[in-house]
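Remarks on the structure that follows.
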Amino acid sequence: MVGITGSPGAGKTTLAVRLADALGPEAVHLPMDGFHLANATLDRLGRHDRKGALDTFDGWGFVALLRRVREETDHPVYAPSFHRAVDEPVAGEIAVAPEHGVVVVEGNYLLVPDEPWGRVRDLLDEAWFCDADGDERERRLVDRHTRHGRTLEAATAWATEVDGRNARVIEGTRARADLVVSGAIPA
């Protein structure tokens, strides 16, 4: 299992998908985003206005899935994906099959030391930190948020306030990575 982490907009999804594609049918991309809490749950908890923060994910469920992927190698293990168009996780869309010798795990909080996230690092064989210039990350985020329905003003506010706060947490985990991948990774 290779983990690819980095701040929102750093290019980690692009890198993870390209790596899995380059490795061919023996690899699968497994994004952490499938463990976003449902919007109704975020509303109930009063956290929807900061979706993407550490406590807006099912961290324990993600750790349990990674353990299953490591231990249950004789049958497919199904994992959730995330669809930005509906802004919700989709259960059981990704199959990690026995023939997948490489699982490219990708997400913001793979190297956070706090529970339960601190358990993730031990489940990865390698951890890579995807680094990108802050202005470029913000540009990508504003573009992403406007493409998915936010006004330019709302997209900019979300990219700087919510994503920016999350980025500060994630940037503090860089030293736990085996490799820092820097430079422009075009989305």
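The values are calculated or read from the model by the stated rules, or taken from the named source; none is laboratory data. Keep in mind the model is a prediction, meaning the values are calculated, not measured. Reconstructed Cβ throughout: ideal geometry from the backbone, glycine too, with neighbour counts over all protein chains shown.
Scanning segment 43-57 for residues that are more than 12 Å from the chain's Cα centre (by Cα) and in a loop (DSSP other than H, G, I, E, B) yields Gly46, Arg47, Lys51. From the residues in segment 88-104 that are touching a strand residue (DSSP E or B) at 6+ places or on another chain (Cβ under 8 Å), touching a residue at least 60 places away in the same chain (Cβ under 8 Å) and not aliphatic (A, V, I, L, M), which one is farthest from Tyr78 (Cα to Cα)? Across segment 88-104, the extreme among qualifying residues is Gly101. Would segment 86-103 turn up any residue that is under 23 Å from Asn166 (Cα atoms), part of a loop (DSSP other than H, G, I, E, B), in contact with a His (Cβ under 8 Å, 6 or more places away or on another chain) and not polar (S, T, N, Q)? Checked against the condition, which is being under 23 Å from Asn166 (Cα atoms), part of a loop (DSSP other than H, G, I, E, B), in contact with a His (Cβ under 8 Å, 6 or more places away or on another chain) and not polar (S, T, N, Q), segment 86-103 yields at least one hit.
Annotation: Leu15 fulfils all but one of (1) in contact (Cβ under 8 Å) with a residue 12 or more places away in the chain; (2) within 20 Å of Glu93 (Cα to Cα); (3) assigned to a helix (DSSP H, G or I); the unmet one is (2). Residues in segment 18-42 that are in a helix (DSSP H, G or I) and of a type in the set (A, V, I, L, M, F, W, C): 8 in all.
Ala53 is checked against (1) more than 30 Å from Arg147 (Cα to Cα); (2) surrounded by 14 or more Cβ atoms within 10 Å (Cβ to Cβ) and fails just one. What number does that condition carry? With (1) more than 30 Å from Arg147 (Cα to Cα); (2) surrounded by 14 or more Cβ atoms within 10 Å (Cβ to Cβ) applied to Ala53, the lone miss is (1). Give me the residue from segment 3-41 that is among the aliphatic types (A, V, I, L, M) and surrounded by fewer than 20 Cβ atoms within 10 Å (Cβ to Cβ) and, out of that set, farthest from Arg121 (Cα to Cα). In this case the residue turns out to be Ala40.
Residues that are crowded, with 16+ Cβ neighbours inside 10 Å, within 14 Å of the chain's Cα centre (by Cα), closer than 15 Å to Ile4 by Cβ and not charged (D, E, K, R): does segment 94-103 have at least one? Yes - at least one qualifying residue is present in segment 94-103. The numbered conditions (1) in a loop (DSSP other than H, G, I, E, B); (2) loosely packed, with under 14 Cβ neighbours inside 10 Å are all true for Leu111 except (2). Take Pro80 and tell me if it is modelled with pLDDT under 95 and outside any helix (DSSP H, G or I). When the stated conditions are applied, Pro80 does not pass them.
Please verify whether Arg68 is of a type in the set (Lys, Arg) and loosely packed, with under 15 Cβ neighbours inside 10 Å, treating the condition exactly as stated. Criteria met by Arg68.
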